[in-house]
Every structure is written in structure tokens, then in C-alpha cells.
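What follows is calculated from the coordinates using simple rules that are stated; it is not laboratory data. Here the structure is a predicted model, which means the values were calculated and not measured. Please note: Cβ atoms are built from the backbone with ideal geometry, for glycine as well, and neighbour counts cover all protein chains shown.
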Amino acid sequence: MISIAEAISDLLFVRDTVVVPGLGAFMKKTTSAKVNPVANFFTMPNCDIVFDANLREDNDLIVNYISDKDRVSKSEAKTHLVLFVTDCFNKMKQGKKLVLEHIGTLRFDYDNNLVFEQDKSVNYNADAFGLCDFSLQPVIQSKSKEEIKAEIEQQQKEKNTPVTVDEKAVHADDEKPRRSGWLWILLCLLIAAGVLYGLHEFDAIRFPWEETQRGPASAPGTYKLPFYEKKWEWKEPVREANIWIVAGIYGHEEDAARMAQSLQWKGYTAAFYELRGDRWYVSFGRYTTEEEATAVLREIRAKTEYKAWILK
């Protein structure tokens, strides 16, 4: 089931106020883009999220959203919300901070007042989609207009200067083909010498001065090239990653795709969704061994509120 923090985050993109019954209300205040002409800095449109602990009226906004998204009854969604609020107050009464992912943190101060700190990593202003803060660097011109104009006139004069023939360069160019011809002849001689030496080593030919030392020619010998016999090598079979950590099951592909994309945004880059039977399964990833999947599941349950489980 979708977490309450995720439901609040989704609703803040489309609503200005999201009330969590029994906890308080998260309100969105839009700030326009700003330009600092002195520092040449542009700030994109943004939203400030404030928390009002006195606004706790039950308007069924979150309950209806969870019921429609997870396709559960409203009573089940309301029970999930009540357990979430109770768990929040228990944590904060112990002196701990309540971390709402992509929204901010809640805690009690010394006067037992709820204090909210916004998470600035998410911008809930739809007008800022595709924008970012940036600064403009001024273009510094190192030369004056008069110097640039003088350089252009000098280049024009050099282009109009008549071309003179350098006799030494012409003669040097005539000598290059002659030198290259000698190099080609020397290279051919070296190649021929290498070929003759190789044939002699394999007894393909014999030089005249070797006949007197070896005596009369005998039957030509045969030379067997070395034969490489490939030995069989055992390779460890590759295990298939067929163990999943399921994050949720949906009846519609759109909901599963949205859930998998949300997991990838939260750092689970291996998250995916797949059709099994008539339901869409959303998983944190695939794993080859049950030990590896169990270790990852423990980490997920310790850091998040997902009720994940292992599927073999």
C-alpha cells in the first residue's frame, strides 16, 4: 500500500493544502522567479511548504486518494492513516525526528510545539518544470574597438600582398620523390631477404654452397606444424536472477509504472514492473540468491515504510 508520505507528496503537486487528520495541514505558498541584477543570478519559481498543527479537520482527501490509488476500501485506507498518525506521535514523543520523504521533518521543541523543516530538494511549483537556478557570466572584451579594427585592416593587407615563389622550397620538393624512391627499393630488398631466410629455415630451398656439405639430395622431408588440442574447461553455470522483492501489486499498468518510476527517483535504480497473470507486480529488483534478497529486504524495511516481501 502507498505510504502516507508519498500520498502527501503527490497531492501537494495538485493541491495548495493537504490536511492529515489528527496531525496537521501542509500548505503550499508559491514564490515567483527572482533576478539579482548585481550578481547576475536567476532563481526559478518555487514553493515554500509550511505546516499548521491546528488545522486537523478530516476532509477525507488522503483517504480518498489512497482508496482510489490502491483500490482498497475507504475504511481500510482510514485505518492505515490512523496507524500512521499514531506512529508519528510515538516517535516524536521519544525525541526523534519524523522524516517525511520529499516533504520535510517534524519534531517537538522544548515547549512541545510541532516544528516543521522543509525538504528543499523537491519543487512543488508546476511552473518551474524544466527550469533551474543559474548565473550569467559577463562577456569581458579584452581589446578595444580601435585595436580590433586595426587587426582586421592588417589582415586585409596581408591577403592583398602578392605571392612570391621560394626557389629553395621548389628544389626541395623536387628532391623528395628521389629520396622516397630509394627508400622503397631498400624496403623491397629487406622483404625479399626475410622471405628467403624463412624458406631456408623450413628446408623449402637450399643454397648452392650447402650442397657440398650435406651430400647428395635425399628424399624430401616433411615438417609437421604443431597442433593445438583444445582441452575442455569447466565453467560455473550462471544463475538466473529470478528472486524478486515486491513493493506492490496493481490491477492497472499505469499505477504500476508510476510506482516503479517513484522507486527509481528514490534511488532504487533496478526497480521495474511486470505482468504476472492478470496483475502488475512492482519490484525493487531481481536477485540471484535468497541471502542477497533477504539482506536487501532488511535494508528496505529499516530505511523506508514499504511493506515489501520476497517472491521466488
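Taking amide H positions as modeled 1.01 Å from N, with prolines and chain starts lacking one, the residues under 5 Å from C47 and 5 or more places away or on another chain are T31, Y124, N125.
Could you give the length gained by full extension between R298 and Y110, i.e. 0.36 nm per residue of separation minus their alpha carbon distance, to one decimal place? Intermediate values should be presented prior to the final figure.
On the way: separation 188, 0.36 × 188 = 67.68 nm, distance 3.41 nm.
Working it through step by step, the gained length comes to 64.3 nm.
Remark: the range 243-311 projects, on average over all directions, an area of 4.2 nm² (convex hull of Cα atoms).
Enumerate the amide H contacts of F272 below 5 Å, restricted to partners 5 or more residues apart or on another chain; note that Pro and chain-start residues carry no placed amide H. The answer is S283, G285. When you filter the chymotrypsin sites (Phe, Trp or Tyr not before Pro) in the range 1-106 for DSSP loop state and at most 14 other Cβ atoms inside 10 Å of their Cβ, you are left with F13.
Could you let me know the centre-to-centre spacing of the range 249-300 and the range 55-118, using Cα atoms, in angstrom? The range 249-300 and the range 55-118 have Cα centres spaced 25 Å from each other.
Express in % the proportion of alpha carbon pairs of the range 4-135 at distances exceeding 25 Å.
Values: 2911 of 8646 pairs.
Every Cα pair in the range 4-135 considered, those over 25 Å come to 34 percent.
Ordering 290-300, 185-195 by mean Cβ neighbour count within 10 Å, with the highest value first, yields 290-300, 185-195. Run through the range 75-107 and list the trypsin sites (Lys or Arg not before Pro) located in a DSSP loop whose Cβ has at most 15 other Cβ atoms within 10 Å. Here the trypsin sites (Lys or Arg not before Pro) that fit, given the DSSP loop and packing criteria, are K96, K97.
Say R0 is 51 Å: what FRET efficiency, to the nearest 0.05, do L311 and D48 get from their beta-carbon distance? Let's see the in-between values first.
Working: r = 42 Å, r/R0 = 0.82.
Rounded to the nearest 0.05, the efficiency is 0.75.
Note on V85 and A241: with the Förster distance fixed at 35 Å, the Cβ-Cβ geometry gives a FRET efficiency of about 0.35.
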